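Readers should treat all values here as calculations from the given coordinates under stated rules, not as data from a laboratory. Since we're looking at a predicted model, the values are computed, not measured. Positions of Cβ are generated from backbone atoms using ideal geometry, with glycine treated the same way; all protein chains shown enter the neighbour counts.
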Amino acid sequence: MGPPGSGKGTLSALCVERFGWYQLSTGNLCRDHIQKNTDLGKQIKEAINKGELVNDHVIADMVKEWIVSQDTMPEAIIFDGYPRTKTQAELLYKLLQDVMVDSELVLIKLHVDADIIAERILSRVSCSNKKCQRVYSLMNNSQAKSKSLMICDDCKSPLKKRSDDTQDALKNRIQIYYNHEQEILNFYVNKGMNVGMINAAQTVQDVFNDFTKFAEHKDYVC
Ligand code: AMP
């Protein structure tokens with residue numbers, strides 16, 4: 001969990017690259033539907049562009065479909081941007097009990113202040129190649145700057161700005177995130193789970209190091 005711009009996608013991508021884990025980003029699944037112009041894509045486009053949440057059950061169905069369509073299961077799956085409401089937290093809990101009986105759910109919260117979020121999001125661009133989607137920053141002093149302007153280092157596709165990375169949508173997205181955060185945390189804490197806290201204002205490498213320590217030792221902070 002973490003507000004927009006806390007680095008969930010960046011951390012997930014590193015875990016995929018270094019550990020071979022799978023990333024399930026509900027935001028990416030939504031954007032796939034929009035890009036392919038599916039019926040669902042047409043339905044959810046407006047909500048996404050305004051920074052609003054997509055219906056809980058629509059998202060939960062996407063997640064279930066993704067899980068059951070995997071041929072193999074990795075050591076871990078990162079749920080990136082899911083759950084985002086208490087209902088989604090309940091649906092995920094139930095889904096894992098039903099279809100991944102032996103799984104263990106671990107909750108990690110990336111904490112970062114609002115001024116840093118805005119700076120990151122408004123300078124964020126990502127690779128337009130659906131199979132890549134690497135995220136970059138346009139900030140001059142950023143480690144995540146691409147080598148060539150607006151071209152992906154990895155696959156050489158053009159970079160583009162997300163349609164919801166605007167000032168108006170961002171305000172909405174941050175507000176919505178904080179409206180739901182505590183309820184989700186309470187739901188899982190009441191189920192007896194601990195929550196890992198990571199300072200996401202650090203460099204990508206430091207966030208990854210803290211995450212790795214956490215994953216190895218389950219050294220919960222909160
Ligand atoms: P993200 O890429 O995670 O920032 O998600 C982008 C947008 O997709 C969000 O602002 C929502 O409009 C939608 N979305 C992604 N994940 C969810 C979710 N779990 N529940 C509802 N809407 C979502």
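Would you mind counting up the charge near Gly41? Only other residues with Cβ under 10 Å from its Cβ, with Lys and Arg at +1 and Asp and Glu at -1. The partial results should precede the final answer.
Numbers: positive: Arg31, Lys36, Lys42, Lys45; negative: Asp32, Asp39.
Net charge in that neighbourhood comes out at +2.
Shape verdict for the chain, please, from the Cα gyration tensor: rounded (a/c under 1.5), prolate (a/b greater than b/c) or oblate. If you can, show how the numbers build up before the last one.
Working: a/c = 1.37, a/b = 1.19, b/c = 1.15.
Rounded shape, in that the Cα axes give a/c under 1.5.
Which of Lys50/Lys213; Lys42/Lys109; Lys42/Lys147; Lys42/Lys145; Lys8/Lys42 have a Cα-Cα distance over 29 Å? Before the final figure, lay out each step's value.
On the way: Lys50/Lys213 37 Å; Lys42/Lys109 31 Å; Lys42/Lys147 35 Å; Lys42/Lys145 32 Å; Lys8/Lys42 26 Å.
Flagged as over cut-off: Lys50/Lys213; Lys42/Lys109; Lys42/Lys147; Lys42/Lys145.
With unit charges on the beta carbons (Lys and Arg positive, Asp and Glu negative) and the dipole taken about the Cα centre of the chain, which residue among Gln23, Ser157, Pro3 sits farthest to the positive side?
It is Ser157, whose Cα lies furthest towards the positive end.
Ser148 to Glu65: extension gain in nm, 0.36 nm per residue of separation minus the Cα-Cα distance? If you can, show how the numbers build up before the last one.
Numbers: separation 83, 0.36 × 83 = 29.88 nm, distance 3.71 nm.
Going from the current span to full extension adds 26.2 nm.
Straight-line reach only, C-alpha to C-alpha below 17 angstrom: list the aspartates and glutamates that Lys131 could link to, leaving out same-chain residues fewer than 8 apart.
Straight-line reach from Lys131, under 17 Å: Glu17, Asp32, Asp80, Asp153, Asp154.
What net charge is computed for the residues neighbouring Asn129, neighbours being all others with C-beta under 13 Å from the C-beta of Asn129, Lys and Arg scored +1, Asp and Glu -1?
Working: positive: Arg31, Lys130, Lys131, Arg134, Lys156, Lys160; negative: Asp32, Asp153, Asp154.
Here the count lands on +3.
First select every other residue whose beta carbon is under 12 angstrom from the beta carbon of Asp154; then total the charges, Lys and Arg +1, Asp and Glu -1. Working shown, then result.
On the way: positive: Lys131, Arg134, Lys147, Lys156; negative: Glu17, Asp153.
Once positives and negatives cancel, what remains is +2.
Report the extension gain between Leu95 and His111 in nm, rounded to one decimal, defined as 0.36 nm multiplied by the number of residues separating them, less their alpha carbon distance.
Values: separation 16, 0.36 × 16 = 5.76 nm, distance 2.68 nm.
Net length gain for the segment: 3.1 nm.
Give me the distance between the Cα centres of segment 46-94 and segment 109-130, rounded to whole Å.
Here the two parts' Cα centres lie 20 Å apart.
Magnitude of the Cβ-charge dipole of the chain, K/R +1 and D/E -1, about the Cα centre, nearest 20 debye? Kindly include the intermediate steps, with their values, before the conclusion.
Details: 28 positive and 29 negative charges, 162 e Å.
Charge dipole of the chain: 780 debye, to the nearest 20.
Name the residue farthest towards the positive end of the dipole of segment 89-168 from the options Cys132, Leu96, Ser148, assuming +1 on Cβ of Lys and Arg, -1 on Cβ of Asp and Glu, about the Cα centre.
Ser148
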